[in-house]
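Below is one structure, written out as structure tokens, with a few remarks after it.
The values are calculated or read from the model by the stated rules, or taken from the named source; none is laboratory data. Because the structure is predicted, anything quoted here is derived from the model rather than measured. Every residue, glycine among them, receives a Cβ derived from its backbone with ideal geometry; neighbour counts consider all protein chains shown.
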Amino acid sequence: MELSQVNWEFIIPIVAPIILIQLILLAIAIIDLVRIEKVNGPKWVWIIVILFVNIVGPILYFVIGRRNN
């Protein structure tokens with residue numbers, strides 16, 4: 001199937017909210033990571049996970065990466 005044959009009117013309403021959720025989670029996770037002093041593991045590893053593991057990366061950071069004080 002070529003890109004010209006794709007029904008974009010059907011795909012965009014499904015994909016756009018997923019992309020928006022990903023960007024919001026990514027931004028919140030990066031901001032939180034920068035502001036918080038201590039995390040589980042090195043911060044540079046969490047930045048890579050947050051940026052490159054799509055929706056799961058920020059969720060992993062919030063579940064595993066943050067230290068509960």
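Going by the structure shown, is residue 50 of a type in the set (A, V, I, L, M, F, W, C) and surrounded by 10 or more Cβ atoms within 10 Å (Cβ to Cβ)? So that I can check it myself, show each step before the final result.
Values: of a type in the set (A, V, I, L, M, F, W, C): yes; surrounded by 10 or more Cβ atoms within 10 Å (Cβ to Cβ): yes.
When the stated conditions are applied, residue 50 passes them.
The residue pairs whose first member lies in the stretch 19-44 and is of a type in the set (S, T, N, Q), whose second member is part of a helix (DSSP H, G or I) and at pLDDT below 95, and whose beta carbons are closer than 9 Å, counting only pairs six or more residues apart or on different chains, are 22/58; 40/46; 40/64; 40/65.
Does the stretch 14-27 include one or more residues that are at pLDDT below 90, out of contact with any Phe, Trp or Tyr (no Cβ under 9 Å at 6 or more places or on another chain) and either exposed (fewer than 12 other Cβ atoms within 10 Å of the Cβ) or not aliphatic (A, V, I, L, M) (or both)? Checked against the condition, which is being at pLDDT below 90, out of contact with any Phe, Trp or Tyr (no Cβ under 9 Å at 6 or more places or on another chain) and either exposed (fewer than 12 other Cβ atoms within 10 Å of the Cβ) or not aliphatic (A, V, I, L, M) (or both), the stretch 14-27 yields no hits at all. Of all the residues in the stretch 1-13, those that are farther than 30 Å from residue 61 by Cβ and at pLDDT 85 or above number 2.
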